[in-house]
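Asker: Here it is, the structure, as structure tokens.
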Amino acid sequence: MTFATYARDRIISILLFFMCTILSYLFMLAVGMDYYVAIYVEIIYCFFSIVSFIYEFIRRRQFYNEVIRLFNQVEEKSYIIEMIDRPDFTDGKILYELLRKESKYLNDCNQKHNEQYLEYRHYIETWVHEVKTPIATSKLLIENNKNIVTLSIEEEITKIDDYIEQVLYVSKSDTAEKDYHINRIYMKTLIMDVVKRKSKEMINEGIRPSLHELEYYVLTDEKWMSFIIGQIVSNAIKYKNESPMIEFYCEEEGNKVHLYIKDNGIGIPEQDITRVFEKGFTGINGRRKHSSSTGIGLYLCKRLCDKLEIGIEIASELSIGTTIRLTFLKDRR
């Protein structure tokens, strides 16, 4: 709040003040009061009126400027009422009470939505665990009755299982920090487990994995990282090219280890490369080659990597392939 703004808002009061000053001065002269006495009375009147005007401006400016400053600084706007003092002027008190009631209303709404979200998340997680039972049973039945048809069915069931696992990790991604355990993990074992889990898909698609220079220990959560790498491998399988291959290798840099997952697939267009980590972004490849793409995989990888404090970068050339780099710490500093 500036003085000019405050004065413009009270222009009527200012005009009335000047009119009252002039009329009172004329009245005192009309009743025979001495000229100098009238001037002296008006000076005293004007002095205290101006002091009062400035005082009211200062205390309002302090309050409103503080409200604006806190509003711009505080991330959760509904908490602002807890940080300001109750003012001692009427319009400030009205604003304060409105903010207090609005804050209470927002907190009640947030509480209600949080309860609904937790209930929904609990349902999703329960559903995921329940649906995995018939999937496992179906795979067992297929294993005992192998033929061309059942093997094709098994491939589709495996895809369903991967999508269900993705749903589970999406539901947990908001609270990932409560569910992970950072330990020293042997990179080669981690990669071998992912390759083994994806082996049938790779074999069916004729993809040859290449593993080398993986003899490193890194700090991460094995379960979450297995899922992240699995999502990257699934993308490489989905967007494969002729004579497909997926290469895994590491490079050491000080206290960091870089894991590279490189494929020779169709690659990503230059205009899409900066957006592949956005939620729901499928790009040209997703629309042309896989119309059912959801744009969730890499978005989820980026989100979980941020939670685990793992760097993730992507580089790609159209028709050449894509390389994703994951950066881990070797030791706690």
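The values are calculated or read from the model by the stated rules, or taken from the named source; none is laboratory data. This is a predicted model, so every value here is computed, not measured. Here the Cβ positions follow ideal geometry from the backbone for every residue, glycine too, while neighbour counts run over all protein chains shown. Each accessible area value is taken on the protein alone, full model and side chains, heavy atoms only, with ligands, DNA and RNA left out. Shrake-Rupley method; radii C 1.70, N 1.55, O 1.52, S 1.80 Å.
Asker: Which one is farthest from the chain's Cα centre (by Cα), of the residues in segment 130-163 that are closer than 20 Å to Gly230 by Cα and free of Cβ contacts under 8 Å to residues at least 12 places away in the same chain?
Answerer: Ala136
Asker: Would you check which residues across segment 118-154 are surrounded by 13 or more Cβ atoms within 10 Å (Cβ to Cβ) and more than 15 Å from Asn204 (Cα to Cα) and list them?
Answerer: Arg121, Ile124, Glu125, Trp127, Val128, Val131, Lys132, Ile135, Ser138, Lys139, Ile142 - these are the residues of segment 118-154 that are surrounded by 13 or more Cβ atoms within 10 Å (Cβ to Cβ) and more than 15 Å from Asn204 (Cα to Cα).
Asker: Could you tell me whether Ile68 is among the β-branched types (Val, Ile, Thr) and open to solvent by less than 70 Å² (accessible area, probe 1.4 Å)?
Answerer: no
Asker: Are there any pairs with C-beta distances below 9 angstrom linking a residue in segment 203-229 that is over 11 Å from Ile191 (Cβ atoms) to a residue that is among the hydroxyl-bearing types (Ser, Thr, Tyr) and part of a loop (DSSP other than H, G, I, E, B), with the two at least 6 apart or on different chains, and if so which?
Answerer: Gly206/Ser243; Arg208/Ser243; Thr220/Tyr180; Asp221/Tyr180; Lys223/Tyr180; Trp224/Tyr180
Asker: Out of (1) open to solvent by less than 80 Å² (accessible area, probe 1.4 Å); (2) at pLDDT below 80, the odd one out for Ile157 is which?
Answerer: All conditions pass for Ile157, except number (2).
Asker: Hey, another quick one. Go through (1) assigned to a helix (DSSP H, G or I); (2) touching a residue at least 12 places away in the same chain (Cβ under 8 Å); (3) exposed (fewer than 10 other Cβ atoms within 10 Å of the Cβ) one by one and return the number of the condition Asp88 breaks.
Answerer: Every listed condition holds for Asp88 apart from (1).
Asker: Okay, next question. Being modelled with pLDDT of 85 or more and within 54 Å of the chain's Cα centre (by Cα): is that true of Phe53 here?
Answerer: Judged against the criteria, Phe53 is a match.
Asker: Moving to a separate point now. Within segment 1-52, track down each residue that is in contact with a Leu (Cβ under 8 Å, 6 or more places away or on another chain) and open to solvent by less than 80 Å² (accessible area, probe 1.4 Å).
Answerer: Across segment 1-52, the qualifying residue is only Ala38.
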